[in-house]
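> The structure that follows is given in the form of structure tokens.
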Amino acid sequence: EAGGQASDVGRLVPSSGGALEVRNVQRYGDYVLHTCIVDPGADKLKVGDSVVCEVDCTHRSQITANHTTTHVLNWALREVLGDGADQRGSLNTAERLRFDFNADKVTAQQLKQIECKVQDFLADDLPVSSGVVDLKVAKSINGLRSFAGDTYPDPVRVLVVGKNSLEEILKQPERPEWRAQSVEFCGGTHVSNASDAGVFAILEEVSVAKGIRRIVGATGEAARNALKLGEEFDERLARLEAAAKPSEKDVMTLGKEIDAAVISAVVKPLYQERIGKLRKTLKKAKKKKGGKVDPARLNALRAQIRESGASVPAPGFVILRPDSSDTEAIQQLLREEKFDVAVLALMESDDGKVSCSSSMPETCQANGFAADAWLREALARLGGRGG
């Protein structure tokens, strides 16, 4: 592992038999340490034995795709945010790419532009070229991106992603058009063409410290899945928005799915905003109904409590998780009726918050149990409070 690129994995196969499964590779001084799991048969390995190295090429190809895309992302950040968006760190694994950079804020529109620029770059079938160059000459390339504070060897390896090769650039390194492609110092592994990375999606954009932001992204199959799932959510939202009376349960379920989903960070907040508008519409519709509780729902909830209470020994308790649409019904039921068991109901409201109601029979109260104390203890586990 070096330069923000995760190490290869694979196997070391001794001539004496068995294998060592390589899980991590790190450099310590002049030594390269392989962390391995020893398979049966390889436990007789000794100093001086020869081994055959088998690199997991699928794993490496996924890392290289993410690494090359990180270079393109670095270029796109400068294009959208300006020269001040300097690299502050990166990590490229087989699953994700992560890039930290200087910025106080990235707007939703800027994030969309960044993602689109990277996607367009990958779709343009642009070659990747590299070479070892005298450090002074390399630093003279117009548009070169380097990691502030890093010490580079002389000569240094330069990697270019764009229509012009490194060889062409070195003939006239000062030309301004070189800023239209990615030029960086790098000793890592990369794809031979930007299109090999497939597609790209930004999965997260957050602040990690004052003046430093982080983008987490994906390429290939992971990015395709994220973008496809985002399109499916868009279609489901459109159907709910077009419905005369959208189901509250469907709105709540879709909202939870969107919150938990791995989709493009460009569209996720937009979808969450649309869910919020649907929740407000449902809330207004409830108010128009005047808060009337359906007697059929009261009867159904009453029967559910009594049926559940009958199966537990006295003094027993029942925990309910009714739909948010039953919040008023359950509150009225626990307020107006007496049950032989203690009842605690947890409901998620239409704004995503959790409400809680409880009742305690006289037999439990006589033994020192109180409904408000039970409710407070339950809410405390959720980070809330009540009484």
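> So for the stretch 102-110 (the condition being assigned to a helix (DSSP H, G or I) and open to solvent by 60 Å² or more (accessible area, probe 1.4 Å)), does at least one residue qualify?
Looking for residues that are assigned to a helix (DSSP H, G or I) and open to solvent by 60 Å² or more (accessible area, probe 1.4 Å), one finds at least one in the stretch 102-110, hence yes.
> Sort out which residues of the stretch 31-45 are out of contact with any strand residue (DSSP E or B) (no Cβ under 9 Å at 6 or more places or on another chain) and over 24 Å from Arg60 (Cβ atoms), and write them in order of number.
Listed by number, the residues that qualify are Pro40, Asp43.
> Another question about this same structure. Just name the residue that is surrounded by the most Cβ atoms within 10 Å (Cβ to Cβ) out of those in the stretch 125-145 that are in a loop (DSSP other than H, G, I, E, B) and touching a Lys or Arg at 6+ places or on another chain (Cβ under 8 Å).
So the residue we want is Gly143.
> Say whether the condition of being at pLDDT below 95, more than 18 Å from Gly4 (Cβ to Cβ) and among the polar types (S, T, N, Q) is met by at least one residue in the stretch 50-70.
yes
> Looking at Leu301, Leu229, Leu270, can you tell me which residue is at pLDDT below 95 and either out of contact with any Lys or Arg (no Cβ under 8 Å at 6 or more places or on another chain) or not hydrophobic (A, V, I, L, M, F, W, C) (or both)?
Leu301
> Checking the conditions here, which among Val52, Val13 is in a strand (DSSP E or B), surrounded by fewer than 12 Cβ atoms within 10 Å (Cβ to Cβ) and touching a residue at least 40 places away in the same chain (Cβ under 8 Å)?
Exactly one of Val52, Val13 is in a strand (DSSP E or B), surrounded by fewer than 12 Cβ atoms within 10 Å (Cβ to Cβ) and touching a residue at least 40 places away in the same chain (Cβ under 8 Å), namely Val52.
> From the list Gly291, Gly386, Gly309, pick out the single residue that is farther than 28 Å from Ala243 by Cβ, over 34 Å from the mean Cα position of the chain (by Cα), open to solvent by less than 60 Å² (accessible area, probe 1.4 Å) and modelled with pLDDT under 80.
Gly309
> Could you tell me how many of the residues in the stretch 151-172 are in contact (Cβ under 8 Å) with a residue 12 or more places away in the chain, open to solvent by 20 Å² or more (accessible area, probe 1.4 Å) and more than 22 Å from Asp124 (Cα to Cα)?
6
> Let me ask you something else. Of Arg27, Arg78, Arg23, Arg88, which residue is surrounded by 13 or more Cβ atoms within 10 Å (Cβ to Cβ) and either hydroxyl-bearing (Ser, Thr, Tyr) or part of a strand (DSSP E or B) (or both)?
Arg88
> In addition: Tell me which residues, restricted to the stretch 350-370, are modelled with pLDDT under 75, surrounded by 13 or more Cβ atoms within 10 Å (Cβ to Cβ) and small (Gly, Ala, Ser).
Scanning the stretch 350-370 gives a single hit, Gly352.
> Could you list, in sequence order, the residues of the stretch 91-101 that are open to solvent by 10 Å² or more (accessible area, probe 1.4 Å) and under 15 Å from Glu221 (Cα atoms)?
Listed by number, the residues that qualify are Thr93, Ala94, Glu95, Arg96.
> Does the stretch 179-201 contain any residue that is open to solvent by less than 20 Å² (accessible area, probe 1.4 Å) and more than 18 Å from Val128 (Cβ to Cβ)?
For the stretch 179-201, residues open to solvent by less than 20 Å² (accessible area, probe 1.4 Å) and more than 18 Å from Val128 (Cβ to Cβ): present.
> Another question about this same structure. Looking only at residues that are small (Gly, Ala, Ser) and surrounded by 15 or more Cβ atoms within 10 Å (Cβ to Cβ) in the stretch 219-242, which one is farthest from Lys268 (Cα to Cα)?
Gly220
The values are calculated or read from the model by the stated rules, or taken from the named source; none is laboratory data. Here the structure is a predicted model, which means the values were calculated and not measured. Counting neighbours? That spans all protein chains shown, and the Cβs are built from the backbone with ideal geometry, glycine included. Keep in mind that these areas ignore ligands, DNA and RNA; they rest on the heavy atoms of the full protein, side chains included. Shrake-Rupley method; radii C 1.70, N 1.55, O 1.52, S 1.80 Å.
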